Structure formats: structure tokens, C-alpha cells
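**Student:** Following this message is one structure expressed as C-alpha cells.
The values are calculated or read from the model by the stated rules, or taken from the named source; none is laboratory data. In this text, all values refer to a predicted model and were calculated from it rather than measured experimentally. FYI the Cβ positions are ideal-geometry reconstructions off the backbone, even for glycines, and counts take in every protein chain you see. The protein model used for the area step is the full one, side chains on, heavy atoms only, and it has no ligands, DNA or RNA in it. Shrake-Rupley method; radii C 1.70, N 1.55, O 1.52, S 1.80 Å.
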Amino acid sequence: MRTKTAALIIAATVVPSLLLTPRAGAGFPGANGMIAFSRTVKKNTDIWVVDPRSGDKVRLTRTKRAREGMPEWNAEGTQIAYSRCGRGQFSNCDLWVMGADGSDKTQLTSTPEVQETWPAWSPDGTMIAYTSNAADVFQDIWVMDADGSNQTRLTVNEAFDAFPEWSP
């Protein structure tokens, strides 16, 4: 019982700080050579891209009262998966995908009071790995098809599982 209580206390204090801590949130360049990153200005966090050769930056999202971050390029450099969260500490976070130019924003998950974060495209672009606390208070690793269907939980334990990455 003490172990479960201690784990819940740790999760309640560590997880929110990881989710809310400002970070660069840069994704590796896709095939187009651009770098995606998140930037916080006046309490809004949005997705941007920068050309590493010229330094030219373009803002791709402008959602009010939301924090958008954790951008991840697909292998072709044509799409970016990302997490959109509310402003509050324990806000809902859903996964979205958009075109490399910020067009065609599509919500992949719609789970009130659940935090789905850290998307990672499979090398062939057919799946996205991510973290979710949908099944319990701890983050677990899940996968889904690139269109948001077939969501499947992969890890089940009383630990914080995060930062999924695919092998090339």
C-alpha cells in the first residue's frame, strides 16, 4: 500500500511538471530539411518550423487558449504530428496531425480528461506511437494507425512510460 501511495504522489508531482515545463520541443528535420519546434509567447505555445540554412521561421498554429507542442515529422517530411493541450496543469491533451505547411489540421484523438502526448511516427508512416494516461494514472505507451484508428495500449505497469521512438 505504501508503494502505491508513494508512486501516486510521485506521479502527481512529476508528470505535471514534465507536461508543463517549457522546452524547445524540436523535432528532427523531415525529408524537407525543415526543423519543427514549439515556442511559447504570451502564455500560448504554438508549432513553428525553421529552415536551418536560411533561419527563416514560419508559425504553423495559432490556437487560442491551448498549448501545442511535441512536433514530430513523418519520414517524408509532409506531415507533423503534435499534441494540443488546454492551458491548465491537468488539462486534456489530444493528438493532431497537419501538413508541413500548417494546412489540413486533423484531430486524431478526442479523449476528455486524458493526456495523450509525445507522438512518434513509424518509419513507414502508417502508425504513430504515443503516451496516454487513458487506462490509469500513469502514462503508458500506445500505438495507433496514422488516421487515429486502432488505438492499442502496449505497456501496462505502475510506472511512467514516455518518449516513444521507433527503430529505423
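**Student:** I'd like the full set of residues that are open to solvent by 20 Å² or more (accessible area, probe 1.4 Å) and more than 20 Å from Glu116 (Cα to Cα), limited to the range 63-89.
**Tutor:** Those that are open to solvent by 20 Å² or more (accessible area, probe 1.4 Å) and more than 20 Å from Glu116 (Cα to Cα): Ala75, Glu76, Thr78.
**Student:** Please work out which one of (1) open to solvent by less than 60 Å² (accessible area, probe 1.4 Å); (2) of a type in the set (Val, Ile, Thr); (3) without any contact (Cβ under 8 Å) to a residue 24 or more places away in the chain is the condition Thr152 fails and give its number.
**Tutor:** (1)
**Student:** Then there's this: Considering only residues that are touching a Phe, Trp or Tyr at 6+ places or on another chain (Cβ under 7 Å) and not hydrophobic (A, V, I, L, M, F, W, C), look in the range 84-109 and name the one that is farthest from Ala129 (Cα to Cα).
**Tutor:** Lys105
**Student:** So, restricting to strands (runs of 3 or more DSSP E) that lie completely within the range 53-168, which ones have at least 2 residues that are at pLDDT 90 or above and under 16 Å from the mean Cα position of the chain (by Cα)?
**Tutor:** Counting at least 2 such residues, we get 67-73, 79-85, 93-99, 116-121, 127-132, 140-145.
**Student:** Assuming Thr111 fulfils every condition listed in (1) β-branched (Val, Ile, Thr); (2) within 25 Å of Asn32 (Cβ to Cβ); (3) open to solvent by 10 Å² or more (accessible area, probe 1.4 Å) apart from one, which condition is it?
**Tutor:** In the conditions (1) β-branched (Val, Ile, Thr); (2) within 25 Å of Asn32 (Cβ to Cβ); (3) open to solvent by 10 Å² or more (accessible area, probe 1.4 Å), Thr111 misses (2) alone.
**Student:** The conditions are (1) open to solvent by 40 Å² or more (accessible area, probe 1.4 Å); (2) in a strand (DSSP E or B); (3) closer than 23 Å to Glu165 by Cβ, and Thr40 fails exactly one of them. Which is it?
**Tutor:** (3)
**Student:** I've got another one for you. State whether the residues of the range 118-138 include one that is in contact with a Leu (Cβ under 9 Å, 6 or more places away or on another chain), open to solvent by 20 Å² or more (accessible area, probe 1.4 Å) and among the acidic types (Asp, Glu).
**Tutor:** No - not one qualifying residue is present in the range 118-138.
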